[in-house]
């Protein structure tokens, strides 16, 4: 495949931002004043690219299980930039568990992007309230304290008059976390802090310093029911001012929040250098029959793209990377794609857009996605890495944006690595059955291909971890278990021949006519399963009945279809049911396992997933292909350090990228063979 790729010029999109009146145009003056301490593009306050340190912080929004940030960090490290995912935000709790286990140094926030943005704004106010440059008024306003010298006695009397009359006293030893939302699920949204408390004895409000330690503590009345920590609203912590001040001014809070204004030091260690994310835009999905073609931004299902841009506007990172499905530049003449570009331009970013196919970077799936780069005016705009592998072209490329497909110049002779097939990716994995339930197992074969040798590298053997002197871990295989099919579907799977092209058409009673359309053979007696249900489900029968579905559906080969060793897949999906897609293993009677799907996405084998099996499939299916994000991370690392040699939109990767060492491959192989 070869395509040309060009710049997306700012002048093409400058008017779209003004069209959308519902998009906030900016913040209040006070907010703008505070946020200016984060990033300033003036030459006097921002160092040039060549004078920066080689460490950078990353915020991963809509992070899922962390595939995009994982790849970006791996690639940036290879370019000499130590990019670290310091914060990640996602609403899926299982994805957050997966990301936290694989990135223990990352602060993972299981919350919506809207709540995260609200937290950033409240955190700014909290920091401002303790700044010596702010007025006492702002401090009191931020606390909303219910306790002062005039009403302490009144409140003590109210506590004495409680129906139980036995309020408890607690010492707040430290603050554990901070969030905006309703963590107590009482319908009361606001700023909350998680406290570590110890039970004392009776009703009393006190404030002071512990006689046992030098850290400040406070006491407040509450009923914690024996818990050691609890979420409490900010406006109920008026007596904990000293504890809260220590939490804010000492910088402890920056672990939880990426925005720490320079109220207390000359340098803000909480700044975000890079923001990446793939905001979901379900309103443009082809499965949505009620898509708003006139103004997709009015669709609530597309709201997250606006939220993403608001967070970028608030934090002002040096670099931005937005990922989305190709429909973002296909639906409604690319309305949302144009909005993303125009919004970044409006926020004073340089921009580029490119479409990249995962298969072109060494995976056995096509999976085309759109990527939008943004960079501050004083930064080098990252380039798009040119393909390293041949691939099987599948799907449709948007005609209007075809020139933004990342590829080699048409007609130019390039020696690419051979395309990867299913056998290259999964042929070394142990055989498992439909009812496999182990989350961990040993390898029972040596790697057979270069892809397998690289994907099996331990965490500490990866470039991004090699410099951390990580402890050598046991070489285990995680998540190699399939979705357990029910008995009926399992019996149907067992009836599909183990050969290339096999699917439901091979069931008794189905015939294929001259037009490659399937029909029901009335001369064949229907076959029933042990449960008494028919071998052919009604919905499958509907696929071969012209009166129910269009002619296009009558030629379907997807239900109960086996993949084959010499094939690729169009794209890894979030569901593993075999009813309407080809997801069955070539020679084993089951669907592809979670790990096999993860390999098709380029996840290293050490990457462990959490949650029910169905949730793990969702995490993998929603992820950015790791080899693609690794290549983009490499380009980001070069741009961040200012070593980009030209302003061209494309860059060539080194031969055999990502250049795994022969020693690492050999060691991995020997370790397996010794088991």
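The values are calculated or read from the model by the stated rules, or taken from the named source; none is laboratory data. Please read these numbers as outputs of a predicted model, since none were measured by experiment. Quick reminder, even Gly has a Cβ in these numbers, built from the backbone with ideal geometry, and neighbours come from all protein chains shown.
Counting residues in region 519-527 that are in contact (Cβ under 8 Å) with a residue 60 or more places away in the chain, surrounded by 11 or more Cβ atoms within 10 Å (Cβ to Cβ) and in a loop (DSSP other than H, G, I, E, B) gives zero. Of the residues making up region 107-125, those that are farther than 20 Å from residue 304 by Cα and surrounded by 22 or more Cβ atoms within 10 Å (Cβ to Cβ) are 123, 124. A count restricted to region 528-541 and to residues that are at pLDDT 80 or above and in a helix (DSSP H, G or I) stands at 0.
Inside region 641-656, residues that are out of contact with any helix residue (DSSP H, G or I) (no Cβ under 7 Å at 6 or more places or on another chain) and under 15 Å from residue 78 (Cβ atoms) make up a count of 5.
Residues that are in a strand (DSSP E or B) and under 28 Å from residue 309 (Cβ atoms) within region 351-372 comprise 351, 352, 353, 354, 355, 356, 357, 368, 369, 370, 371, 372, listed in sequence order. Put simply, of 347, 341, 305 the only residue that is surrounded by fewer than 19 Cβ atoms within 10 Å (Cβ to Cβ), farther than 28 Å from residue 568 by Cα, assigned by TED's automatic domain parsing to the domain that holds residue 406 and modelled with pLDDT of 95 or more is 347.
Selection of helices (runs of 4 or more DSSP H) fully inside region 64-175 by the criterion of at least 2 residues being at pLDDT below 90 returns 113-129, 136-143, 152-160. Residue count for region 438-447, restricted to those that are surrounded by 13 or more Cβ atoms within 10 Å (Cβ to Cβ) and out of contact with any helix residue (DSSP H, G or I) (no Cβ under 7 Å at 6 or more places or on another chain): 3.
One residue stands out in region 501-518 among those that are assigned to a strand (DSSP E or B) and under 24 Å from residue 589 (Cβ atoms): the one that is modelled with the lowest pLDDT, namely 518.
Applying a threshold of 9 Å to beta carbon distances and a minimum spacing of six or more residues, or different chains, the list of pairs starting in region 466-494 at a residue that is under 23 Å from residue 615 (Cβ atoms) and ending at one that is in a helix (DSSP H, G or I) and modelled with pLDDT under 95 is empty.
In the set (1) part of a loop (DSSP other than H, G, I, E, B); (2) modelled with pLDDT under 80; (3) closer than 30 Å to residue 595 by Cβ, residue 498 fails one condition alone, (2).
Can we say residue 341 is assigned to a loop (DSSP other than H, G, I, E, B) and in contact with a strand residue (DSSP E or B) (Cβ under 9 Å, 6 or more places away or on another chain)? For residue 341, the condition - assigned to a loop (DSSP other than H, G, I, E, B) and in contact with a strand residue (DSSP E or B) (Cβ under 9 Å, 6 or more places away or on another chain) - is not met.
Looking only at residues in region 423-437 that are touching a residue at least 60 places away in the same chain (Cβ under 8 Å) and either in contact with a helix residue (DSSP H, G or I) (Cβ under 8 Å, 6 or more places away or on another chain) or closer than 30 Å to residue 335 by Cα (or both), which one is surrounded by the fewest Cβ atoms within 10 Å (Cβ to Cβ)? Among residues in region 423-437 that are touching a residue at least 60 places away in the same chain (Cβ under 8 Å) and either in contact with a helix residue (DSSP H, G or I) (Cβ under 8 Å, 6 or more places away or on another chain) or closer than 30 Å to residue 335 by Cα (or both), the one surrounded by the fewest Cβ atoms within 10 Å (Cβ to Cβ) is 427. Considering only residues that are touching a helix residue (DSSP H, G or I) at 6+ places or on another chain (Cβ under 6 Å) and either closer than 23 Å to residue 96 by Cβ or assigned to a helix (DSSP H, G or I) (or both), which ones fall in region 580-599? Matches in region 580-599: 594, 596, 597, 598, 599. Candidates 406, 392, 396: the one that is assigned by TED's automatic domain parsing to the domain that holds residue 631 and either surrounded by fewer than 16 Cβ atoms within 10 Å (Cβ to Cβ) or without any contact (Cβ under 8 Å) to a residue 12 or more places away in the chain (or both) is 396.
Please go through region 606-648 and pick out each residue that is surrounded by 24 or more Cβ atoms within 10 Å (Cβ to Cβ) and in a loop (DSSP other than H, G, I, E, B). 607, 609, 623, 624, 625 - these are the residues of region 606-648 that are surrounded by 24 or more Cβ atoms within 10 Å (Cβ to Cβ) and in a loop (DSSP other than H, G, I, E, B). For region 470-485, check the following and say yes or no: at least one residue is at pLDDT below 95 and in contact with a strand residue (DSSP E or B) (Cβ under 6 Å, 6 or more places away or on another chain). Yes: region 470-485 contains one or more residues that are at pLDDT below 95 and in contact with a strand residue (DSSP E or B) (Cβ under 6 Å, 6 or more places away or on another chain). Candidates 254, 267, 227: the one that is surrounded by fewer than 18 Cβ atoms within 10 Å (Cβ to Cβ), modelled with pLDDT under 80 and closer than 30 Å to residue 637 by Cα is 267. With respect to the conditions (1) at pLDDT 85 or above; (2) touching a strand residue (DSSP E or B) at 6+ places or on another chain (Cβ under 9 Å), residue 544 lacks only one, and its number is (1). Residue count for region 319-334 under the criterion of being at pLDDT below 95 and either over 18 Å from residue 303 (Cβ atoms) or surrounded by fewer than 21 Cβ atoms within 10 Å (Cβ to Cβ) (or both): the result is 8.
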